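These notes concern the structure reproduced below.
Values in this text are rule-based calculations from the coordinates and carry no lab data. Predicted model only: the values in this text are computed from it and were never measured. Neighbour counts are summed over all protein chains in view; Cβ atoms, including those assigned to glycine, are modelled from backbone coordinates with ideal geometry.
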Amino acid sequence: MSGNLKPVLARLAQGNTMDVAESEEAFGIIMAGEATPSQIAGLLMALRVRGETVAELTGAVHAMRARMIPVDAPEGALDVCGTGGDAAGTLNISTAVTFVLAGAGIYVAKHGNRALSSRSGGADVLSMLGVDVDVPLERLPGILSRAHCIFMFAPRHHAALRHAAGPRVELGTRTIFNLLGPLANPARVRRQLTGVFAPQWARPMAETLRNLGSTDAWIVHGQGLDELTVAGENQVVALKDGVISEFTLSPEQAGLARAPVSAITGGDPATNANALQALLNGALGAYRDTVLFNAAAALNVAGRVGSLEEGVVVAAHSLDSGAARLALENLKRETV
């Protein structure tokens, strides 16, 4: 393409797809600032209308990873995050799960952003809780080692994406970039629990992670949410040692009671931060059960437990012993 998206746009207009190398080159052109806003928008919409392929996702992630600012993490570290885009406005689940896992001794390299499709993103609620999400990047490995968790603020690690920001805002619709964030963790974790906004994307994302070298992952969707929910059945696509499987999960399988999605409706960052703090201080209810459900799944991905019910027990102990609360306090202290 030699710094020009026109040839690939012409092929896409004819209904063709890109292989991994072509996608990596195309997104490399975008991230190098060598494509016009119209070309970027044309590429994004061509992929969106036809449907992005695993090869196109893989190539785009290669381009992102080649340009990101990485973070060293211990072997076995994992990420818990979602694509966003479910428009449900729930309390912050994966952020709370981060502290539960850290309290259980799991290293969590969480990748996230400020609110884009919700009222309170991970960075928003963490800032409200007193965590500095703009800590110097070179300090992150040490913080992870001592606090067992870090928050990697996506725009700081993926600055090259700024070239696509304008077209994405003007398009005002979901694009491939909504899927790429969870696939381009700066710590290059090979284990993750990732929620998707629509169940049809679970298997393509699992296949992409397999292409990228991940060893263990659950891609989940529950009742319209990009996370596991106690509101009903959940779809899971699991990657384990190169093998992909699909199954459904109910809250009862984890020993948890059902509750409607409305029971975990959130609000602005202050509201969500208060709810998360209350959770760490022992509050009961649907928020706790949802966090336990997702933490149990993550503990399975981490290889720490052999069943969801066992995972719930470990996660509940992290909360009830105060270890999860201490994980937040440690992260606050380490980021000042």
- Message: Using Cβ contacts closer than 10 Å as the measure, can you line up Tyr107, Tyr287 from fewest to most?
- Response: Tyr107, Tyr287
- Message: Using +1 at the C-beta of Lys and Arg and -1 at the C-beta of Asp and Glu, which of Ala286, Asn272, Ser250 has the Cα lying farthest in the positive direction of the dipole of segment 78-335?
- Response: Asn272
- Distance from the Cα centre of segment 318-336 to that of segment 166-216, in angstrom? 28
- Taking other Cβ within 10 Å of each residue's Cβ, how do Leu280, Leu249 sort, fewest first? Leu249, Leu280
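Can you classify segment 6-67 as rounded, prolate or oblate using the Cα gyration tensor, where a ≥ b ≥ c are the square roots of its eigenvalues, rounded means a/c under 1.5, and otherwise it's prolate if a/b beats b/c and oblate if not?
Here segment 6-67 falls in the oblate category.
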- Any lysines with Cα under 26 Å of the Lys110 Cα? List them, leaving off those in the same chain fewer than 8 positions away. Lys240, Lys332
- Taking the Cα centre of segment 1-123 as origin, sum charge times position over the Cβ atoms of Lys and Arg (+1) and Asp and Glu (-1), and report the length of that vector in debye to the nearest 20. 420
- Query: How large is the helix-only mean residue ellipticity at 222 nm for the chain, computed as the sum of -39500 (n - 2.57) over DSSP H runs with n ≥ 4, divided by its residue count, in deg cm²/dmol to the nearest 500?
  - Reply: -14000 deg cm²/dmol
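What is the order of Ser250, Ser127, Ser318, Ser245, fewest Cβ neighbours within 10 Å to most?
With the fewest neighbours first, Ser250, Ser127, Ser318, Ser245 line up as Ser245, Ser250, Ser127, Ser318.
If a/c stays under 1.5 just call it rounded; otherwise compare a/b with b/c (prolate if a/b is bigger, oblate if not). Do that for segment 78-335, with a ≥ b ≥ c from the square roots of the Cα gyration tensor eigenvalues.
Here segment 78-335 falls in the rounded category.
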- How many percent of DSSP beta bridges within the chain run antiparallel, rounded to 5? 50
- Note on the structure: Protection proxy (average C-beta count within 10 Å per residue), highest first, orders 75-81, 262-268 as 75-81, 262-268
- Task: Compute the Cα gyration tensor for segment 43-105, then decide on rounded, prolate or oblate, letting a ≥ b ≥ c be the square roots of its eigenvalues: rounded whenever a/c is under 1.5, prolate when a/b is larger than b/c in the other cases, and oblate in all that remain.
- Result: oblate
- Would you mind telling me which residue in Gly306, Gly59, Gly15 has the biggest mean-square fluctuation in a Gaussian network model of the chain, where springs connect alpha carbons within a distance under 10 angstrom? Gly15
- Cα-centre dipole for the chain with unit charges at Cβ (Lys and Arg positive, Asp and Glu negative), debye to 20: 460
